[in-house]
Amino acid sequence: MKILVPVDGSPFTKRMLAYLAAHDEWLGEAHQYTLLHVTPAVPPRAAAVLDKAVLQAHYAEESEKVFKPIRSFFGKQKLKADFVAKVGPAADTIATAATKGKFDLLMMGSHGHGLLGSLVLGSVTTRVMAQCEVPVLVIR
């Protein structure tokens with residue numbers, strides 16, 4: 001199964017990874033994992049005054065901060081994974097990547113707000129589920 005796993009380095013990402021490790025059906029070579037980190041874009045006016053190389057380095061550093069412990073986790077579990085960094089609005093970028101990448105499943109952590117919390121606070125997970133054509137497994 002081809003699985004897209006959006007990660008942001010939050011406690012909810014850690015909880016999702018713990019779920020993954022605790023369930024043998026997700027481990028092994030039967031699954032192909034792609035870890036996706038989406039960095040919000042620097043506002044256009046600020047980006048216009050920055051050197052392009054500096055801006056790209058910033059995006060790469062932000063993603064690597066998130067990926068470093070996850071690479072270690074996947075190494076300990078003896079799981080292979082691809083690590084992809086993108087820039088843009090999180091929900092849109094995740095949903096587009098899942099659909100265009102022809103993934104079988106999108107597995108993501110969520111903070112677990114109730115219905116009222118999602119209405120008031122908004123949620124990347126809620127927006128991804130609304131936009132995505134790929135089945136989404138939400139780990140709370």
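The values are calculated or read from the model by the stated rules, or taken from the named source; none is laboratory data. Bear in mind that the values here come from a model prediction, so they are computed numbers and not experimental data. Glycine also receives a Cβ, built like all others from the backbone with ideal geometry; neighbour counts cover every protein chain displayed.
Across the stretch 1-29, the qualifying residues are those that are surrounded by fewer than 15 Cβ atoms within 10 Å (Cβ to Cβ) and either within 14 Å of the chain's Cα centre (by Cα) or part of a loop (DSSP other than H, G, I, E, B) (or both), and the one among them that is modelled with the lowest pLDDT is GLY28.
Report yes if LEU79 is more than 12 Å from the chain's Cα centre (by Cα), surrounded by 13 or more Cβ atoms within 10 Å (Cβ to Cβ) and more than 12 Å from LEU4 (Cα to Cα), otherwise no. Judged against the criteria, LEU79 is a match.
Can you pull out the residues in the stretch 30-46 that are in a loop (DSSP other than H, G, I, E, B), over 16 Å from LEU137 (Cα atoms) and of a type outside the set (A, V, I, L, M, F, W, C)?
Pass one, the stretch 30-46, residues in a loop (DSSP other than H, G, I, E, B): 30-31, 40-43.
Remaining after also requiring over 16 Å from LEU137 (Cα atoms): 30, 40-43.
Scanning the stretch 30-46 gives PRO40, PRO43.
Of the residues making up the stretch 44-52, not a single one is in contact with a strand residue (DSSP E or B) (Cβ under 7 Å, 6 or more places away or on another chain) and either surrounded by 10 or more Cβ atoms within 10 Å (Cβ to Cβ) or over 23 Å from LEU4 (Cα atoms) (or both).
Look at (1) of a type outside the set (S, T, N, Q); (2) closer than 16 Å to GLY9 by Cα; (3) modelled with pLDDT of 90 or more and you find that PRO135 fails only one, number (2).
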